[in-house]
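Below: the structure, in structure tokens.
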Amino acid sequence: VAILLWIAVLAVLSLAACTPKEPEVVEVTLTDFGVESSVTTFKVGQPYEFVITNTGALNHEFVIMRPLEEDEIEAPASEHGAGGHSMDDALLTIGEDDLPPGAVVTANYTFRRTADAGELELACHIAGHYTAGMHIPITVER
């Protein structure tokens, strides 16, 4: 009986460990010209549901990636780095066509590695927007 009870306890614990986590909602507001987020410290393995709202008068984009280097800041973004900085290493990208004024876009993402503040950021890479302040550093912890 004790062995059966022990097996039942292990089975319940195994199922609990496999149960998917509920996504944590992250409210992101894009303004002319800033980025505000309800969360700036994230956890590896925790699913997040980013609810991105453009309250500005201009189209914006939303990117999670490393900060731009000095020579990349005014260069237009491209998928493969031709003629500007590469978006290949972006973890999540919502393009400007999807974020016109008043738009609300939801995107899910789960971080797979840690990152200190300054290694990753939430940003808009449209020319002039980044230099106007549309980026904030984030931290990703274990």
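The values are calculated or read from the model by the stated rules, or taken from the named source; none is laboratory data. Bear in mind that the values here come from a model prediction, so they are computed numbers and not experimental data. Here the Cβ is made from the backbone with ideal geometry for all residues, glycine too, and neighbour counts use every protein chain on show. What goes into the accessible areas is simple: the full protein's heavy atoms, side chains included, and nothing from ligands, DNA or RNA. Shrake-Rupley method; radii C 1.70, N 1.55, O 1.52, S 1.80 Å.
Hey, can you tell me all the residues within the range 128-142 that are in contact with a Lys or Arg (Cβ under 8 Å, 6 or more places away or on another chain) and surrounded by 12 or more Cβ atoms within 10 Å (Cβ to Cβ)?
VAL140, GLU141
Of everything in the range 118-127, what is touching a residue at least 60 places away in the same chain (Cβ under 8 Å) and either in a loop (DSSP other than H, G, I, E, B) or open to solvent by 50 Å² or more (accessible area, probe 1.4 Å) (or both)? Give them in sequence order.
Result: CYS124, HIS125, ILE126.
Considering only residues that are surrounded by 15 or more Cβ atoms within 10 Å (Cβ to Cβ) and at pLDDT 95 or above, look in the range 97-117 and name the one that is farthest from SER86 (Cα to Cα).
Across the range 97-117, the extreme among qualifying residues is ALA103.
How about the range 122-142: which of its residues are more than 20 Å from ASP98 (Cα to Cα) and not basic (Lys, Arg)?
THR131, ALA132, GLY133, ILE136, PRO137, ILE138, THR139, VAL140, GLU141
Filter the range 41-67 for residues that are open to solvent by 60 Å² or more (accessible area, probe 1.4 Å), under 20 Å from ARG113 (Cα atoms) and among the hydroxyl-bearing types (Ser, Thr, Tyr) and give the result.
THR41
Any idea which of (1) open to solvent by 10 Å² or more (accessible area, probe 1.4 Å); (2) farther than 23 Å from GLU141 by Cβ; (3) touching a residue at least 12 places away in the same chain (Cβ under 8 Å) is the one GLU70 doesn't satisfy?
All conditions pass for GLU70, except number (3).
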